[in-house]
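For reference, the structure is listed below as structure tokens.
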Amino acid sequence: MTALVGIALTSIFVQNFVLVKFYGICPFLGVSKKLDTALGMGMAVTFVMTLASMLTWACQKFILVPLDMEYMQTIAFIVIIAALVQFVEMFLQKSIPSLYSALGIYLPLITTNCAVLGVALLNVRTASVINLLGTYTLIESVVNGFSAGIGFLLAIVLFAGVRERLESSDIPKALQGFPIALISASLLAMAFMGFQGMSF
Amino acid sequence: MKEILLPALAMGAVGLLLGLLLALASKIFAVEKDERAEEIASVLPGANCGSCGYAGCSAYAAAISKGEAKINCCSPGGQSVADAIADIMGVSAEAVEEKCAVIACNGTIDKAADKYEYVGIEDCLTASRLQGGGSKACTYGCLGYGSCAKVCQNNAIKIENGIAVVDMEKCGGCGECAAACPKNLISIVPKKVKYIVKCHSCDKGAEMKEKCSVGCIGCRICEKNCPVGAIKVENNCAQIDQSVCISCGLCESKCPKKIIVAINKDDAQ
């Protein structure tokens, strides 16, 4: 249990996917203009990351390792994630239309998001705490995927809050728009760097 | 050979499996959609202005395909869109009643007096909340800070000489401006309407004369002259019942203040 809490805290704060590892910068900068769309994107990413962690772990364990072809990880995982997102989209549209319309275009957008692929690849490369001989177990992978998504959600929501404030502040002309967004993102990243050195 | 064949086969199998799964899922989770709704949505302007009375273009398209809505409610799209929808739905198009916004004030800077000089935020709502309902002497008139122009999606409203002026060519009749005006000066009327009263003041005639040279003084000349009884003076201001009006133009010629004006230059009868 302690190990799982440690994994969760690490991927939310210490190794935050966006602000420390710099994965998923595209949606982080692209969909953070408004707080509610940022929230939608964050939820969608969390959702997909959790499911993707589960499936890619299974793919690694039951297909890639037995056939001795771990080097195909990137391609295999991308295919699985893309199919998963498609499937989830269809499922939601039929079963939970309200959630489907809330996530909107963000769901298909994260099909090839590097943060999702990143979490899948890290899951099969990080040494497990529970099983001392191998990499992450299924439960560790799922917890890692979920908390990486929560880390993304936290980062994008914080950043959207900052950007909404920026809209109404007096910014020098040369810095208006994207430049100030990048500067604020880097300041936010520096704040998260403060967690460096903590280990669980 | 095995090094190439095995991964290729394995990946192929994974891909095939996922493909089959997705194909199956698309059958199981198929959501019944009326294809006509999508087609209709593609011919609608897509501005989601809401002038049809639905939440947006796609909601309107869905309502048409279900037979709940008439096909001629899209004012911005006009006749061409109605014809396109008629083709899709297989019915004959009815005439579209195109609408546009009209502003009931003609009190330009030179004609309407000011109470004080306003140097605050350029926004009608802010200005109208100040002492006396804004800087204009007439508390009913257009303040000219362009809150209506700011919300207009078609840039159809301009501030000229201190009052808002609608470009009827550009106006789609969505009604955003009418909602934004704190003085409730803007109304949405069918484009075929010819004569409107360019004043909204409830002040008595004598008071009105001091404040604005183009304000309705409630003299009732128009009311007496209208052959069909379409004009009534209520609360010291003339009002035209457009459903009765025959666009004869007698009121325009008789109005001593010239506040009844023709908004359509071409003969709309």
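Here, each number is a calculation from the coordinates, and none is a lab measurement. Nothing here was measured: the structure is a model prediction, and the numbers come from that model. Positions of Cβ are backbone-derived with ideal geometry, glycine not excepted, and every protein chain shown enters the neighbour counts.
Taking GluC sites (Glu not before Pro) across region B:36-110, the ones in a DSSP loop with at most 15 further Cβ atoms lying within 10 angstrom of their Cβ are B:Glu68, B:Glu94, B:Glu97. Shown for region B:193-269: lysine pairs separated by 8 or more places, or found on different chains, whose C-alpha atoms are under 17 Å apart, numbering 24.
Spacing of the modelled spin labels on A:Leu35 and B:Phe29, each 7 Å from Cα toward Cβ, amounts to 3.1 nm.
The fewest-to-most ranking of B:Tyr140, B:Tyr54, A:Tyr71 by surrounding Cβ atoms within 10 Å reads A:Tyr71, B:Tyr54, B:Tyr140.
Mean residue ellipticity at 222 nm, helices only, chain A: -21000 deg cm²/dmol; runs of at least 4 DSSP H residues each add -39,500 (n - 2.57), and the sum is divided by the number of residues.
Inter-chain neighbour count for B:21-31: the average number of beta-carbon atoms from partner chains within 10 Å of each residue's beta-carbon is 4. Think of each Lys and Arg Cβ as +1 and each Asp and Glu Cβ as -1; about the Cα centre, that makes the dipole of region B:98-191 roughly 220 debye. Shape summary of chain A, radius of gyration then Dmax from alpha carbon positions: 17.7, 60 Å. Candidate membrane-span-like segments in chain A, meaning DSSP H helices with Cα atoms spread over at least 15 Å of their own axis and a Kyte-Doolittle mean of -0.5 or above, are A:35-59, A:73-95, A:138-167, A:178-193, with no membrane implied. Taking the Cα centre of the protein assembly as shown as origin and assigning +1 to Lys and Arg Cβ atoms and -1 to Asp and Glu Cβ atoms, the resulting dipole is close to 900 debye.
Counting each DSSP H run of 4 or more residues in chain B as -39500 (n - 2.57), what helix-only mean residue ellipticity at 222 nm follows after dividing by all residues, to the nearest 500 deg cm²/dmol? One gets -9500 deg cm²/dmol as the mean residue ellipticity at 222 nm. For region A:48-117, would you read off the P(r) tail past 15 Å as a percentage of all alpha carbon pairs? The answer is 54 percent, as a whole percent.
Lysine pair count for region B:98-191 (Cα-Cα distance under 21 Å; residues 8 or more apart in sequence or on different chains): 20. Counting neighbouring Cβ atoms within 10 Å and putting the fewest first, the residues A:Leu29, A:Leu19 line up as A:Leu29, A:Leu19. For region B:135-269, what log10 I(q)/I(0) values come out of the Debye formula at q = 0.12, 0.14, 0.18, 0.19 1/Å, with one point per alpha carbon and no solvent? Log-scaled intensity ratios, in q order: -0.48, -0.67, -1.09, -1.19.
Taking Cα centre as origin and charging only the Cβ of basic (Lys, Arg, +1) and acidic (Asp, Glu, -1) residues, the dipole magnitude of chain B rounds to 880 debye. Farthest toward the positive end of the dipole of chain B, out of B:Phe29, B:Cys74, B:Gln239, is the Cα of B:Gln239, where the dipole comes from beta carbon charges about the Cα centre. Under the combined filter of DSSP loop state and at most 15 neighbouring Cβ atoms within 10 Å, region A:25-134 retains these trypsin sites (Lys or Arg not before Pro): A:Lys33, A:Lys34, A:Arg125. Straight-line reach from A:Lys61: which aspartates and glutamates have a Cα under 16 Å away, not including same-chain ones fewer than 8 places off? Straight-line reach from A:Lys61, under 16 Å: A:Glu70, A:Glu140. Positive contributions from Lys and Arg (+1) and negative ones from Asp and Glu (-1), summed over other residues with Cβ under 15 Å from the Cβ of A:Val124, come out at -1.
The phi-based Karplus calculation (6.51 cos²θ - 1.76 cosθ + 1.60; θ = phi - 60°) puts the 3J(HN,Hα) values of region B:136-143 at 6, 4, 7, 6, 9, x, 6, 7 Hz, whole numbers, x for Gly and Pro. Quick note on the protein assembly as shown: its Rg to Rh ratio, both from C-alpha atoms and Rh being the Kirkwood radius, is 1.15. Give me the angle, in degrees from 0 to 90, between the Cα long axis of helix B:78-89 and the longest principal axis of the Cα atoms of chain B, rounded to the nearest 10. Roughly 30 degrees, rounded to the nearest 10.
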